[in-house]
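Bear in mind these aren't lab numbers, they're just calculated from the coordinates by the rules spelled out. Because the structure is predicted, anything quoted here is derived from the model rather than measured. Don't worry about glycine lacking a Cβ; one is built from the backbone with ideal geometry, like all the others, and counts go over all protein chains shown.
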Amino acid sequence: IAPRLNATGRVSQALDAVRLVCTKRLDKALELAQKLAQVNRSRQKLLEEQLEHARALVRPQVKTERIFIVQHASYHQGIIGLIAGKLTEEFYRPSIVLSINQDVAKASARSIPGFDVIGAIREAQELVIEAGGHPMAAGFSIATDKIEALTQKLRAIAAEKIDELMLTPKLMIEAEVKPEDV
């Protein structure tokens, strides 16, 4: 149920999720659960469409860029973090996805171990309106006319701070387990 509760806050009315968990009426709960399931399916479809668009933008950059920065007016603000996360996971590069809305864009960033994405954004703080996050994930707002300058600055920071070894995915193993122990 968690993805359905989450989806409604991303692309619809979060109040429906609250109503679902608060109702004592079975008929109302079933109606709201169906509504949330439909919203989640819509969110999944939207994510796949917009993720494929973003993939098409970053594929040519895989060999040349150490950070991906993609933008489009069609990117839904509620799922840009999901898109950034999937790009980072798939291509193992820090990724920033911007949803353009007239004069201001909202952005979501995801990183890889060793690259402090919020630190990089704060190095360019004169270009952003507001920013917050932690080393592995961040969000910010920016005037659309400053996106190109920010892109150049973040690419320069990434080129300086991300080496080839950092771009190699690592498998974290916490314990070795023998089949008979399972």
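A few notes on this one:
- Note, ³J(HN,Hα) from phi for the stretch 82-87, Karplus 6.51, -1.76, 1.60, rounded to Hz, x at Gly and Pro: 5, 4, 4, x, 5, 4
- Using a cutoff of 8 angstrom between alpha carbon atoms and counting only pairs six or more residues apart, the relative contact order for the chain works out to 15 percent.
- Here the stretch 27-113 is treated as a Stokes sphere of Kirkwood radius computed over C-alpha pairs; at 4 °C and 1.567 mPa s its diffusion coefficient rounds to 94 µm²/s.
- GNM remark for the chain: springs join alpha carbons under 10 Å apart, and the peak mean-square fluctuation among Ile162, Ile80, Ile67 falls on Ile162.
- Centre-to-centre separation between the Cα atoms of the stretch 14-64 and those of the stretch 140-182: 26 Å.
- By the helix-only formula, in which each DSSP H run with n ≥ 4 contributes -39500 (n - 2.57) and the sum is divided by residues, the chain has a 222 nm mean residue ellipticity of -15500 deg cm²/dmol.
- Less than 5 angstrom separates the built amide H of Leu127 from none of the residues sequence-distant by 5 or more or on a different chain.
- Those GluC sites (Glu not before Pro) in the stretch 63-127 that DSSP places in a loop and that have at most 15 other beta carbons within 10 Å: Glu126
- Under 30 Å, Cα to Cα: Lys pairs in the chain, sequence gap 8 or more or different chains: 27
- Listed residues Pro113, Pro60, Pro135, most fluctuating in the chain (Gaussian network, C-alpha, under 10 Å): Pro60
- Long-range HN-HN contacts of Phe68 with modeled amide H, under 5 Å: Ser95, Ile96
- Descending semi-axes in Å of the chain, equivalent ellipsoid built from Cα gyration tensor: 32, 24, 15
- Stokes-Einstein translational diffusion, the stretch 69-145 - Kirkwood Rh over all Cα pairs, 1.306 mPa s, 10 °C, in µm²/s: 131
- Computed label-point distance, nm, for sites Ala2 and Lys28 using a 7 Å Cα→Cβ extension: 2.7
- Rounded to the nearest whole Hz, the Karplus-based 3J(HN,Hα) values (6.51 cos²θ - 1.76 cosθ + 1.60, θ = phi - 60°) of the stretch 62-69 follow the sequence 4, 7, 10, 10, 9, 9, 9, 9, with x at glycine and proline.
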